[in-house]
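Read the figures in this text as sums done on the coordinates, not as results from a lab. Just so we're clear, the structure is a prediction, and the values are computed from it rather than from any experiment. Note: ideal-geometry Cβ built from the backbone for every residue, glycine included; neighbour counts use all protein chains shown.
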Amino acid sequence: MVVARNNPILVALDVATAEEAVRLARRLEPYVGGFKVGLELMMGPGPGVIAAIAKLGKPVFADAKLHDIPTTVHHAARQLGLAGARWVTAHAAGGEVMLRAAVDGLAAGSGARVNGILAITVLTSLDHETLAATGVTVSPGKLTAKRARIALAAGCEGVISSVKELGVITEVAPSLLKVTPGIRLAGTSTDDQARVATPEQGIARGADYLVIGRAITHTDDPEATAAAIHQRISL
C-alpha cells in the first residue's frame, strides 16, 4: 500500500470501541494520510478493528509497542500483519534480535507486502529526569541515536521519535522513516507528554509522518481541524 506523501497526518484513534473508531476514521479519511490504532483498541475490541479500518483504504499503524522475547514478538507481529497493519511499533530497547524477529513476523503475516516495523526510540512522555530515575543516565538524544542504529541494523523501516531528536536520526540513520508523536497545536495543553512540538515544527525538522490524536479528535469539528493542519504544513 502506497501512502500519499502529500498528507503526513496519522490520526490516533484513541477511543474505546470499534464502532467509535470506524466512525471517526470514516469522517477523517478524506483529510488524513492514515490511522493509528493503539493499545486501548487492541486490548478491547481486538486486532480485528485494524482490518475494519484498513478497509477504508488508508494505512493503519498498529501501535502495539512490542517488547518481549524474540519468538513472542515474531508471532505477535505476524498476527498484526494478518490483521492488515501497515506499520507496527516495537521497542528498540528490546535489542536488534528482537526487532529483527518483529520485522520477519510482520513480513510473514502480511505476505511480504510490508516491512513496516517502527522502532520506538524514547517515548515522548519521558524526559532526561524521568529516564535518569529508571537508571538511564544518557540524554534522550544520545539514547535515540543508539537505538536508531539498532533499528537500522535490524532492518526496521523506521523509528518513532520526538521532534527534538529528529536531527539526530537524520545524522545516524538517514534512510529510516521518521514518525513523530507528541504533536500539539500551539497554545494547547501538553497533557501527559513531556517533549512536544507543533505540526509545523515536526515537518520543518524532518518528520515523514506526524501522529496527531487529541489535537484533532477532541475538537468540535475534527474534519475541519485536520484539513486546516494539513493546509498549514503543506505551505
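Only helical DSSP H runs with n ≥ 4 go in: add -39500 (n - 2.57) per run for the chain, normalise by residue count and round the 222 nm mean residue ellipticity to 500 deg cm²/dmol.
When only DSSP H runs of four or more count, the value is -12500 deg cm²/dmol.
Between Gly57, Gly141, Gly33, which gets the highest mean-square fluctuation from a Gaussian network model of the chain, Cα cutoff 10 Å? The residue that fluctuates most here is Gly57. Applying 1/(1 + (r/R0)^6) with R0 = 45 Å to the Cβ-Cβ distance of Thr137 and Asn115 gives a FRET efficiency near 0.85. First measure r as the distance between the Cβ atoms of Glu129 and Leu177, then evaluate 1/(1 + (r/R0)^6) with R0 = 22 Å and state the FRET efficiency to the nearest 0.05. Working from the Cβ atoms, E equals 0.15.
Remark: the chain projects, on average over all directions, an area of 11.7 nm² (convex hull of Cα atoms).
The gain in end-to-end length when the Arg232 to Val97 segment is fully stretched comes to 44.6 nm, 0.36 nm per residue minus the alpha carbon separation.
Highest mean packing first, where packing is the average number of other Cβ atoms within 10 Å per residue, the peptides 15-26, 153-164 line up as 153-164, 15-26.
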